[in-house]
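What follows is a single structure, written as structure tokens, with notes after it.
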Number of protein chains: 2
Amino acid sequence: MSVSTIARRRHRVVIIGSGFGGLFAAKHLKRADVDVTLIAKTTHHLFQPLLYQVATGILSVGEIAPATRMILRKQKNAEVLLGDVVGIDLTNKTVTSKLMDWERVTPFDSLIVAAGAQQSYFGNDHFEAFAPGMKTVDDALELRGRILGAFEAAEVTTSQAERERRLTFVVVGAGPTGVEVVGQIAELAHRTLEGAFRTIDPSEARVILIEAAPAVLPPMGPKLGLKAQRRLEKMGVEVMLNTMVTNVDYMGLTVKEKDGTERRIDCACKVWSAGVQASPLGRIIAEQSDGTECDRAGRVIVEPDLTVKGHPAVFVIGDLMNVPGVPGQAQGAIQGAVYATKHIKSGLKGEDPATRKPFKYLDKGSMATISRFNAVCQVGKLEFSGFLAWLAWLGLHLYYLVGGRNRLIAVISWFVTFLGRGRGQMAITERWVFARRAMDQVQEQQTPKAIG
Amino acid sequence: MSVSTIARRRHRVVIIGSGFGGLFAAKHLKRADVDVTLIAKTTHHLFQPLLYQVATGILSVGEIAPATRMILRKQKNAEVLLGDVVGIDLTNKTVTSKLMDWERVTPFDSLIVAAGAQQSYFGNDHFEAFAPGMKTVDDALELRGRILGAFEAAEVTTSQAERERRLTFVVVGAGPTGVEVVGQIAELAHRTLEGAFRTIDPSEARVILIEAAPAVLPPMGPKLGLKAQRRLEKMGVEVMLNTMVTNVDYMGLTVKEKDGTERRIDCACKVWSAGVQASPLGRIIAEQSDGTECDRAGRVIVEPDLTVKGHPAVFVIGDLMNVPGVPGQAQGAIQGAVYATKHIKSGLKGEDPATRKPFKYLDKGSMATISRFNAVCQVGKLEFSGFLAWLAWLGLHLYYLVGGRNRLIAVISWFVTFLGRGRGQMAITERWVFARRAMDQVQEQQTPKAIG
């Protein structure tokens with residue numbers, strides 16, 4: 001054997017996204033003979049299911065958003081790049097990302113696209129300024145400012161109508177996130193803030209959950225949905241089912257009931273959790289593959305092996321993929337990551353892509369917390385709720401949080417919030433307050449135009 | 001005694017500010033027969049001495065910024081109002097504050113003004129965009145984005161000069177804050193980020209501390225100053241003494257040494273901790289009092305009883321007051337609060353303001369941490385440094401943090417950071433990244449104009 005033998009170039013895997021799909025894909029390639037480049041537009045891995053706790057002052061950003069780079073620090077075959085992906089070229093097998101003015105072209109042999117989804121307003125993008133979604137850390141901090149700021153404003157204003165408007169909170173969409181955030185707003189009003197104000201009584205706040213479907217938590221079935229609804233109502237939440245939101249503006253929103261009645265709800269703080277729109281990267285990929293399409297939400301309708309037609313080395317996973325029966329949840333993303341990396345690894349050993357067995361989703365169940373000590377939980381045909389379900393929620397979320405420190409601090413924070421009534425992360429920074437003030441002023445001027 | 005006797009109106013105390021001065025003043029009036037209104041422009045009580053740990057990813061905002069309203073919740077005689085104070089009328093005894101469009105006029109019988117200070121650029125306010133100070137939570141989060149973002153940018157750029165510029169960090173001002181933040185930037189580069197990047201070696205970062213005086217920590221005397229300097233140099237910090245900053249722009253800064261030599265330092269991340277400017281409320285008060293003046297930093301030169309001439313019920317405390325020998329530190333503010341509230345209380349019992357004994361400051365010493373396990377400490381004539389001083393720092397800061405949860409989480413975070421090498425709060429939100437990107441672009445365009 002000659003010393004001049006040129007080393008075989010290592011197989012290059014590019015991963016787009018640092019959510020559950022992207023991070024788990026990188027981790028599952030730890031022992032593989034590949035070079036991994038993870039490109040993401042944030043520096044952190046976001047534990048989205050707990051974002052609502054950041055928005056309502058229970059957890060800090062750090063607990064649910066550890067730096068991706070630090071998680072992968074010891075994985076020598078992986079590098080992390082901050083940047084927005086602005087182009088994917090399936091023919092030349094490159095990904096172009098941009099940070100500030102620097103474009104970087106990263107070549108790949110295999111590609112895993114796990115770019116996720118953002119909030120959807122179903123074509124009414126002008127709703128967003130008035131009713132932010134809850135998809136990013138910024139969303140959560142913005143909402144924290146709006147939720148807690150509404151009570152502050154109510155304490156100061158001398159107008160009774162304005163006070164009532166500030167003390168009305170509306171959450172649109174009764175999926176897990178909507179249910180969880182509305183439950184925590186109710187707990188803030190009824191428990192946490194008790195006695196903290198002198199002019200207003202926070203427990204007089206109106207907390208409203210609006211859902212177009214006839215039940216809360218529609219995918220969890222009528223029984224658990226009804227349990228969740230009853231519990232929310234017991235906590236003082238007004239649940240409006242069969243109700244569509246037809247307009248959102250600075251002063252409040254307009255809803256339409258099933259019988260066609262239109263109603264106005266004056267409210268300052270609106271939270272949108274009614275739908276998702278997949279990353280635009282989905283369409284960029286689909287356009288380059290004959291026979292691959294996206295669904296209405298922009299998700300890529302992938303082949304049974306999670307790839308796009310004609311490109312067996314290009315996997316689409318997580319919230320960006322459309323596989324019938326796989327919900328847009330962490331479990332689906334993680335299982336997609338495991339599947340994709342398994343076949344990348346066996347491909348190195350010569351596996352023919354045509355022989356891949358189709359991806360099979362194992363439903364590990366789903367759950368939503370409603371209040372302290374109370375959750376609903378569904379595992380296959382098993383349904384349970386109440387304290388036991390809450391304990392299951394607790395254990396599962398602790399298990400999936402990244403890092404011992406984050407787990408420990410989350411437990412302490414939950415102890416303080418749920419057994420006591422403290423919330424450790426109620427700070428609204430000046431920028432958030434200013435953002436709110438600026439927005440208040442901008443919207444005040446825009447309102448006449450914004451109302452259709 | 002007739003039932004129609006009208007209850008005597010309670011003495012009204014208005015406090016402006018929620019820092020050490022304002023919060024301790026409110027707390028010390030807990031058992032007094034007064035009504036307290038605390039007006040502040042933030043919703044939190046900021047523990048400023050630990051802001052540098054938020055900026056460098058060790059602590060979250062919540063640990064050092066608990067909600068003022070929650071701290072005072074059980075103090076029935078106190079109310080908390082969010083708002084900017086826009087007017088103080090000493091003749092009619094009212095304070096006017098503003099939140100959004102709502103102006104609120106609060107009458108007082110006694111007034112405690114503890115509105116603090118902000119960063120000063122000594123007339124060069126255009127430096128601020130390029131070199132933020134560290135006075136608010138927003139400053140700290142902005143700096144966290146700039147410090148950690150500089151490493152991210154260095155990893156991505158392909159220009160060697162730009163990489164070096166991004167990996168050069170300059171802290172201006174070698175007071176306690178400057179020393180502490182520069183020490184943590186050095187620890188980030190040399191310890192925390194070790195192995196986290198693939199293109200750059202974070203330990204090759206240049207970390208520079210610039211001070212116009214001939215020593216670091218000037219008020220702590222030459223011996224401790226030299227100790228701190230030696231320790232910083234051992235950690236890889238370049239200490240430039242006798243050096244003035246003459247210009248700051250997007251690309252870096254210009255310094256002038258004692259002999260008149262001007263030098264350019266190319267650097268992306270600049271931190272300003274070189275001076276303070278008192279709240280403009282100081283001048284508003286001084287203008288209404290014959291014979292009261294402000295010093296150059298805008299601090300009110302108060303009477304020996306911390307009041308303004310002719311207004312024995314108007315106290316100015318904390319960083320807004322100028323009393324010879326009292327440093328702008330938490331201790332001075334707390335002692336001022338205790339003094340002012342003591343005389344408000346004895347005033348209720350008929351004390352003649354003319355008989356008040358002058359305020360006497362008890363110097364409990366000062367300290368600064370330099371790195372993990374290393375601090376300098378001065379208590380009267382006693383000076384010590386090293387591990388023992390660090391333990392003293394640890395105990396004292398824990399003692400003054402508000403709330404058991406915050407103390408516990410701070411201890412865990414310090415354990416993780418100083419014994420291990422983790423930092424739990426390294427998340428840069430998209431807004432901070434975007435702010436940085438936007439600024440980068442704005443400044444890029446402004447640079448030709450900005451360079452004088």
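The values are calculated or read from the model by the stated rules, or taken from the named source; none is laboratory data. These numbers were taken from a predicted model, which means no experiment stands behind them. Counting neighbours? That spans all protein chains shown, and the Cβs are built from the backbone with ideal geometry, glycine included. Just the protein is used for accessible areas: all its heavy atoms, side chains included, with ligands, DNA and RNA removed. Shrake-Rupley method; radii C 1.70, N 1.55, O 1.52, S 1.80 Å.
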> For the protein assembly as shown, how big is Rg over Rh, using alpha carbon atoms and the Kirkwood form of Rh?
Replying inline: 0.99
> Ballpark to the nearest 100 Å², how much total accessible area do B and A bury together, probe 1.4 Å?
Replying inline: 6200 Å²
> Taking Cα pairs under 8 Å and at least six residues apart, what relative contact order does chain A come out at, in percent?
Replying inline: 18 percent
>> For A:Phe418, B:Phe122, give me the order by solvent-accessible area with a 1.4 Å probe, most accessible first, ignoring ligands, DNA and RNA.
In response: B:Phe122, A:Phe418
> What area, in nm² and to one decimal, does the C-alpha convex hull of segment A:35-162 cast on average over all directions?
Replying inline: 11.5 nm²
> Tell me, what is the 1.4 Å probe accessible area of A:Asp35, in Å² to the nearest 10?
Replying inline: 60 Å²
> Looking only at other chains, what is the average number of their beta-carbon atoms within 10 angstrom of each beta-carbon in A:40-52?
Replying inline: 2
>> Amide H of A:Thr246 versus every other amide H placed in the peptide plane: which residues, excluding those fewer than 5 positions away on the same chain, fall under 5 Å?
In response: A:Thr254, A:Val255, A:Lys256
>> If I model a spin label as a point 7 Å beyond the Cα along the Cα-Cβ vector, how far apart are those points for A:Phe415 and A:Val379 in nm?
In response: 2.6 nm
>> For A:Pro218, place a label point 7 Å from Cα along the Cα-to-Cβ direction in every copy; what are the distances to the other copies, in nm, shortest first?
In response: 6.7
> Which of the aspartates and glutamates could be linked to B:Lys349 by a straight reach, that is with a Cα gap under 18 Å, when you skip same-chain ones fewer than 8 residues away?
Replying inline: B:Asp33, B:Asp35, B:Asp109, B:Asp305
> What is the mean number of Cβ atoms from other protein chains located within 10 Å of the Cβ atom of each residue in peptide B:75-88, rounded to a whole number?
Replying inline: 2
> Do the sum for the protein assembly as shown: with -39,500 (n - 2.57) for every DSSP H run of n ≥ 4, divided by all residues, what is the mean residue ellipticity at 222 nm, to the nearest 500 deg cm²/dmol?
Replying inline: -10000 deg cm²/dmol
> Can you give the translational diffusion coefficient of segment B:304-405 in µm²/s, computed by Stokes-Einstein from the Kirkwood radius over Cα pairs at 25 °C and 0.890 mPa s?
Replying inline: 157 µm²/s
> Excluding same-chain residues fewer than 8 positions from A:Lys98, which lysines have a Cα within less than 20 Å of its Cα?
Replying inline: A:Lys41
> Shortest first, in nm, what separates the label point of B:Gly395 from those of the same position in the other copies (7 Å along Cα→Cβ)?
Replying inline: 4.3
>> Which trypsin sites (Lys or Arg not before Pro) in segment A:7-102 sit in a loop by DSSP (not H, G, I, E or B) and have at most 16 other Cβ atoms within 10 Å of their own Cβ?
In response: A:Arg8, A:Arg9, A:Arg10, A:Lys30, A:Arg31, A:Lys74, A:Lys76
> What percentage of the solvent-accessible surface of chain B, computed with a 1.4 Å probe over protein heavy atoms, is contributed by carbon and sulfur atoms?
Replying inline: 55 percent
> Hey, for B:Phe373 with labels 7 Å out along Cα-Cβ, what do the inter-copy distances come to in nm, ordered shortest first?
Replying inline: 4.6
>> Rounded to the nearest 20 debye, what is the charge dipole size of the protein assembly as shown about its Cα centre when +1 sits on each Lys and Arg Cβ and -1 on each Asp and Glu Cβ?
In response: 2700 debye
>> Can you return the aspartates and glutamates within cross-link range of B:Lys223? Criterion is Cα-Cα under 14 Å, with same-chain partners fewer than 8 residues away left out.
In response: B:Glu383
> Roughly what % of DSSP beta bridges within segment A:177-266 run antiparallel, to the nearest 5?
Replying inline: 70 percent
> So for B:Trp390, B:Trp102, what's the accessible-area order with a 1.4 Å probe, most first?
Replying inline: B:Trp102, B:Trp390
>> For the ranges B:355-362, A:334-341, B:159-166, what's the packing order if you count other beta-carbon atoms within 10 Å of each residue, average per peptide, and put the highest first?
In response: A:334-341, B:159-166, B:355-362
>> Take A:Lys30 and A:Glu204, extend 7 Å from each Cα along the Cα→Cβ direction, and tell me the distance between the two endpoints in nm.
In response: 5.6 nm
> At q = 0.13, 0.16, 0.22 Å⁻¹, what base-10 log of I(q)/I(0) does the Debye formula yield for segment A:39-109 when every alpha carbon is treated as an equal point scatterer in vacuo?
Replying inline: -0.52, -0.71, -0.97
>> Which residue in chain A puts its Cβ closest to the axis that rotates chain A onto chain B, and at what distance in whole Å?
In response: A:Ser60, 2
> How crowded by other chains is A:53-60, given as the mean number of beta carbons from other chains within 10 Å of each beta carbon?
Replying inline: 2
>> Largest first, please: the extent of the C-alpha atoms of segment B:11-50 along each principal axis, to the nearest Å.
In response: 34, 18, 11
> For chain B, what's the radius of gyration and Dmax over Cα atoms, in angstrom?
Replying inline: 23.3, 88
> Among the DSSP beta bridges whose two residues both lie in the protein assembly as shown, what percent are antiparallel, rounded to the nearest 5?
Replying inline: 55 percent
> Sorted by accessible area with a 1.4 angstrom probe, largest first, how do A:His44, A:His28, A:His126, A:His311 fall?
Replying inline: A:His126, A:His28, A:His311, A:His44
>> Output needed for segment B:216-269: three equivalent-ellipsoid semi-axes, defined as square roots of 5 times the C-alpha gyration tensor eigenvalues, in descending order, whole Å.
In response: 24, 14, 9
